[in-house]
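What follows is a set of notes on a single structure, which appears directly below.
The values are calculated or read from the model by the stated rules, or taken from the named source; none is laboratory data. Since this is a predicted model, take the numbers as computed values, not measurements. Here the Cβ is made from the backbone with ideal geometry for all residues, glycine too, and neighbour counts use every protein chain on show. Heads up: the accessible areas ignore ligands, DNA and RNA and are worked out on the full protein's heavy atoms, side chains in. Shrake-Rupley method; radii C 1.70, N 1.55, O 1.52, S 1.80 Å.
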Amino acid sequence: MRTFEKNIRKVEPYVPGEQPQNKVIKLNTNENPYPPCPGVVKALETLDTDRLRLYPDPACTLLVDALADFYHVKPEQVFVGVGSDDVLSMCFLTFFNSQKPVLFPDITYSFYKVWAELYRIPYECQKLDEDFRIVKEDYYRENGGVIFPNPNAPTAIYEELDVVEDIIRNNQDVIVIVDEAYIDFGGKSALELIDRYDNLVVVQTFSKARSMAGMRIGYAISNPLLIRYLNDAKYSFNSYTMNQAALVCGVEAVRDREYFEEGIRKIVETREWAGKRLAELGFRCLDSSANFIFATHPAYDAKELFEALKENGIYVRYWGSERIGQYLRITIGTREEMEVLFGFLERYMGKKN
Ligand code: PMP
């Protein structure tokens, strides 16, 4: 080993879902199957390219104002970043500086562990119960901060707001981050608690319900003090996180509430229909409040099924890790895409029986 090797920060990176370049039925990374709203398309078509000579607004004023308006908060309560991954990463860096462990569920968004390792933050995973529910009392012990998604990923299970509030109330000496990447597809947001708890940060994204995963926009909403700390960290890292196209498109996406709500309605409708179809085929699906379904089948090996689907151009997500080795996570696509999935499953199961 060369001497410099010992001074290199080594991390085991997060492994994102595949982004195949050929055309497949893509149900593996919880993207939205519908295009962004017309305002976004128009903003891109009419983008003032001369403006690209200049740095973008480091304060992201127009986008922050649009979000503040949409969520009825003050602009000082909004922080934006390059997808919620960037926002969450900044939150880990800014808020989790205790010697005590940060707590999050054992089955959850696998990036939490990676950020903790990257920033050398101690952490401990709390086991979800047999039904993959959060046991709130597990988060009442001394800790350096708490983070969990609601709805959780990859389970899609939503915890009621009183459970979320109990966890926040019992952790007033640390920051609690509620990662609401999927909240628009079901359940009540913890945003209504931000005036009551000064230790709460809610993080959301444009990647799911707003159909803009490729544009990379995420945001945190909290009280002005915590948002100021987040901005201080951001300006110490990279002042210009949001590019000009993301700023103008983001504003358009926030303004079109009708398109946003209609898109959610379609996905929820397809989800409910797909859940029934999966159950008819013998799958056991966890209750989903998200834009994906976490499913297992008693008679078919998940890994084999995952591979057979992939060979047939249908991508879903499979981890093969402890406790979830027999589960597949299936993103809700268009009705037509889901029909292709079910056509394949029927053939696959018909052949095997
Ligand atoms: N949180 C959770 C729970 C997620 O599943 C994802 C999507 N992979 C993210 C955050 C990050 O999404 P994005 O960076 O696209 O906003």
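Quick notes
- For segment 61-117, the set of residues classified as away from the ligand (no atom under 13 Å from the Cβ), open to solvent by 20 Å² or more (accessible area, probe 1.4 Å), within 29 Å of Glu261 (Cα to Cα) and assigned to a helix (DSSP H, G or I) consists of Thr61, Leu62, Asp65, Asp69, Phe70, Tyr71, Pro75, Glu76, listed by residue number.
- Segment 181-197: number of residues that are assigned to a helix (DSSP H, G or I) and either within 16 Å of the ligand (Cβ to nearest atom) or within 18 Å of Arg257 (Cα to Cα) (or both): 5
- For segment 198-209, filtered to residues that are in contact with an Asp or Glu (Cβ under 8 Å, 6 or more places away or on another chain) and part of a loop (DSSP other than H, G, I, E, B), the residue that is farthest from the ligand (Cβ to nearest atom) is Asn199.
- Ile157 vs. criteria more than 10 Å from the ligand (Cβ to nearest atom), within 30 Å of Ile324 (Cα to Cα), among the hydrophobic types (A, V, I, L, M, F, W, C) and not in a loop (DSSP other than H, G, I, E, B): no
- The residues in segment 297-353 that are within 25 Å of Asn32 (Cβ to Cβ) and not in a helix (DSSP H, G or I) can be counted, and the count is 17.
- Residue satisfying all of: in segment 133-154; closer than 25 Å to Gly325 by Cα and outside any loop (DSSP other than H, G, I, E, B); farthest from the chain's Cα centre (by Cα) among these: Asp138
- Checked against the criterion of being under 30 Å from Ala66 (Cα atoms) and among the β-branched types (Val, Ile, Thr), segment 311-327 contains not a single residue that satisfies it.
- Of all residues making up segment 215-236, the number that are assigned to a helix (DSSP H, G or I) and away from the ligand (no atom under 16 Å from the Cβ): 10
- In segment 201-230, the residues that are of a type in the set (D, E, K, R) and surrounded by fewer than 22 Cβ atoms within 10 Å (Cβ to Cβ): Arg216, Arg228
- For the criterion of being in contact with a Lys or Arg (Cβ under 8 Å, 6 or more places away or on another chain) and surrounded by fewer than 19 Cβ atoms within 10 Å (Cβ to Cβ), Gly343 fails.
- Verdict on Val24 being touching a residue at least 24 places away in the same chain (Cβ under 8 Å), over 25 Å from Gln244 (Cα atoms), touching a Phe, Trp or Tyr at 6+ places or on another chain (Cβ under 9 Å) and surrounded by 14 or more Cβ atoms within 10 Å (Cβ to Cβ): yes
- Filter result for Leu54 (more than 16 Å from the ligand (Cβ to nearest atom), surrounded by fewer than 21 Cβ atoms within 10 Å (Cβ to Cβ) and not charged (D, E, K, R)): yes
- Test for Val82: is it under 18 Å from Lys234 (Cα atoms) and touching a Ser or Thr at 6+ places or on another chain (Cβ under 7 Å): yes
- Residue check, Glu337 of a type in the set (Asp, Glu), surrounded by 15 or more Cβ atoms within 10 Å (Cβ to Cβ) and either over 21 Å from the mean Cα position of the chain (by Cα) or at pLDDT below 95 (or both): yes
- Any hit, segment 26-48, residues being in contact with a strand residue (DSSP E or B) (Cβ under 6 Å, 6 or more places away or on another chain) and among the basic types (Lys, Arg): yes
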